[in-house]
Structures are given as structure tokens and as C-alpha cells.
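The values are calculated or read from the model by the stated rules, or taken from the named source; none is laboratory data. Computed from a predicted structure; not experimentally measured. Virtual Cβ from ideal backbone geometry, glycine too; neighbours counted across all protein chains shown.
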Amino acid sequence: MSKVGYIKEELSKLHTGYGLMSLTWKPVPVSKEISFESMRQVIALAESNKTKAFFNVGEFYGPDFINLNYVRDFFAKYPDLRKEVIISCKGGINNQTFMSEGKYDDVITSVENCIREIGGYIDLFEVARLDESLIKAGEEYPRESFEALAKLVDGGLIGGISLSEVTSPQIRAIAKDFGKYLTCVEVELSLFSLNIFENDVAKACSDLNLIIICYSPLGRGLLTGQVTSNADIPEGDIRKKMKRFHGDSLQQNLLLVKFLRTEIVDKRDAAHQVTLPQVALGWIKHWNGQKKYAGAKFIPIPSGSTIDRVNENFDEQKCTITDEEFQKINKFLEQFETQGDRYEHA
């Protein structure tokens, strides 16, 4: 079996992945001590489920490669755990301007930088955004970005290619040309962000048997119940300026949180208690049983900077909902409209 095939097979067994962005991309990074405890717990819980752990990291998740350095130092301390983890790394962006850099040489440099800073082999690599400036007339995507990644897979520096923030036509075109290297597609999916069901991305992934890595599954914290006003967000946090977390928009969005609490969480019997985050994660995973998307696998990647949060988010028995609850939630979503786009500022 090829490395790409092996990675896809291991990912297909996975229920929940771990997003490490929130450990370091914040005004005050979580300490290494606390971060390492959480990372170890993610791996332990994956092992208990007889799966690999999945770490989602980024070249630009904080200054000076701090996110990758956390992972490097973690595996330096616990080298035997590296074989238990699939690492997916996002790059291909200028770390100062956050502009896409998809030229062949730029992608090679980005991957080499990430390998250096993380301390070794990377299972999956994805350019964070396609470099639109390189797309030639009549084409859907910048081919040279993927020629570079394919060369790196062939050379054994990375194991496979993931996609990030792509359209349905782009997914289909890239799969046609580079399908043997392709494993998964990382996109935002939560009860507040249903775009992939509306723009054919989920259907494209299903048609092509691609795994869907769902980032921000807890709505950037809104679905935890911990954000009730803009004052709950610390200064310097990117959410502080987002429309979704401001004024009337926030109050409208909190109606969804109220619905989940009163109609799902509070109506569970004593033997089947769940939390808001567990309902939100369970809703994403419930899509795995829907015939329309039978060819895809939905894997949410919540964060969790403490062991308690990790235990909550990775409790596979509790992070489930019933068919009735799934239908009830979707019926509510039909008449609910999220206020504030994914990256819209107030």
C-alpha cells in the first residue's frame, strides 16, 4: 500500500482529530507544560479507540514557527509517541503578510521550513489558500503548487496532500490531475457554518471518496456556551473584532446555543447527559451516516488546551446524537440564519 493509501486508511478509522492552532495563535500562548499534557491525552484517547491521533498544525499559527516548535519539542520529549500520530501541516503563506505564496519554489521552501521547524517528516501538507494569482486562463487551480507537493511526496519528505479552503470545481480538478496524492479536504464546518453543504464541496468530497477535516467545529467557541458577550473574549483575540461576536449579531447567534441547551442538552435523561460541545461534535459526526455523503468521512478537529477539555471533546460515547436529535437540529437550522460571515469583521 502506498503512503497516501495508508494515511487515508488510518484517517478513515478516526472519529475526532486535534486542532493545535489555539495553543499558540493567541495573545498569550498556552504554556508548553499544559499543551504537552493535552497532546499526550489526545494520543492516549486515540490509542484507547485503536486509532492514530491526528494533529492539525500550521506554519503561521503564531510567530516564529511556535506552533511547529511545540510539536517538535513534544516529540523530542516523547519520541515513542510520534508513530502514533498523523500530522497535517498548513503552509504556503507569507508569515508576515498572510498572503498566499503558491509558486513552485515557494511551496518547496514552505515545506522545507516546516520540516525543519517541526523536526522531521510531515504526513500531510496543504497550502492554506490557493494562490489565485497563479491560476491560468481556463484552469481552476494553480497547477505549479501541486506539482511541487507531488514532487515532495515522491521524494518521501511528506506523505500526501490535503486541500484547504477550496471550491467544488477546484477539488474535482485537482483530484483529476493529482488524485493519487490526495487524501482529504480541510474546510470549516459547524452548526454556524454550513457552507460546504450549500456549495457542493461536501458532495464533491463524497463523490471522490475524500475525507473531510472539519475545522472550527465549535463555532470558534460559540458552541461551548462560554461566550455570552463580547466582553468574554480577551483583548488581542481575533474574534474580538468579528461581526459574529458583536452586538445584535451575537445575540441572534446565541439563539442557536439556547436552542441546543433547552431542546437537546436539557432534555437528555440522567443516564445520557451531554454538554453543548459534545452535541456540536456529535452533529458533525452524524453526517457520516447520511447516504447523500456516503463516500466522505467527516472528522471534526476541536482544540482543547486542558486535559478536561480534551476529555470532553474526545469522549466518543458522549459526542453522539440520536437520529431524532439530528433531525430536530436540522429543522431548526432551516429557519436559523447565522449573523456574520466566517471572517467578516464588525
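Values computed for the structure shown
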| quantity | calculated |
| --- | --- |
| Any hit, the range 185-199, residues being more than 14 Å from the chain's Cα centre (by Cα) and among the small types (Gly, Ala, Ser) | no |
| Breaking point among (1) out of contact with any Asp or Glu (no Cβ under 8 Å at 6 or more places or on another chain); (2) within 27 Å of Glu147 (Cα to Cα), for Met1 | (1) |
| Among residues of the range 97-114, those that are among the polar types (S, T, N, Q) and either surrounded by 18 or more Cβ atoms within 10 Å (Cβ to Cβ) or touching a residue at least 24 places away in the same chain (Cβ under 8 Å) (or both), counted | 3 |
| Residue count for the range 303-342, restricted to those that are under 20 Å from Ile34 (Cα atoms) and basic (Lys, Arg) | 1 |
| Contacts under 7 angstrom Cβ, first residue in the range 159-183 being charged (D, E, K, R), partner assigned to a strand (DSSP E or B), 6 or more apart | Glu165/Val187 |
| Verdict on Lys151 being surrounded by fewer than 18 Cβ atoms within 10 Å (Cβ to Cβ) and either touching a residue at least 60 places away in the same chain (Cβ under 8 Å) or in contact with a strand residue (DSSP E or B) (Cβ under 6 Å, 6 or more places away or on another chain) (or both) | no |
| Of all residues making up the range 115-148, the number that are surrounded by fewer than 22 Cβ atoms within 10 Å (Cβ to Cβ), closer than 23 Å to Asp64 by Cα and in contact with a helix residue (DSSP H, G or I) (Cβ under 6 Å, 6 or more places away or on another chain) | 2 |
| Subset of the range 222-266 (residues that are modelled with pLDDT of 75 or more, among the aliphatic types (A, V, I, L, M), within 18 Å of Gln339 (Cα to Cα) and surrounded by 15 or more Cβ atoms within 10 Å (Cβ to Cβ)) | Leu222, Leu223, Val227, Leu250, Leu254, Leu256, Val257, Leu260 |
| Unique match (being touching a strand residue (DSSP E or B) at 6+ places or on another chain (Cβ under 8 Å) and either touching a residue at least 60 places away in the same chain (Cβ under 8 Å) or not hydrophobic (A, V, I, L, M, F, W, C) (or both)) among Gly62, Gly119, Gly91 | Gly91 |
| Test: residue in the range 159-179 that is of a type in the set (Val, Ile, Thr), closer than 17 Å to Cys114 by Cβ, under 19 Å from the mean Cα position of the chain (by Cα) and crowded, with 23+ Cβ neighbours inside 10 Å | yes |
| Residue check, Ser190 more than 30 Å from Phe332 (Cα to Cα), in contact with a Cys (Cβ under 8 Å, 6 or more places away or on another chain) and modelled with pLDDT of 95 or more | no |
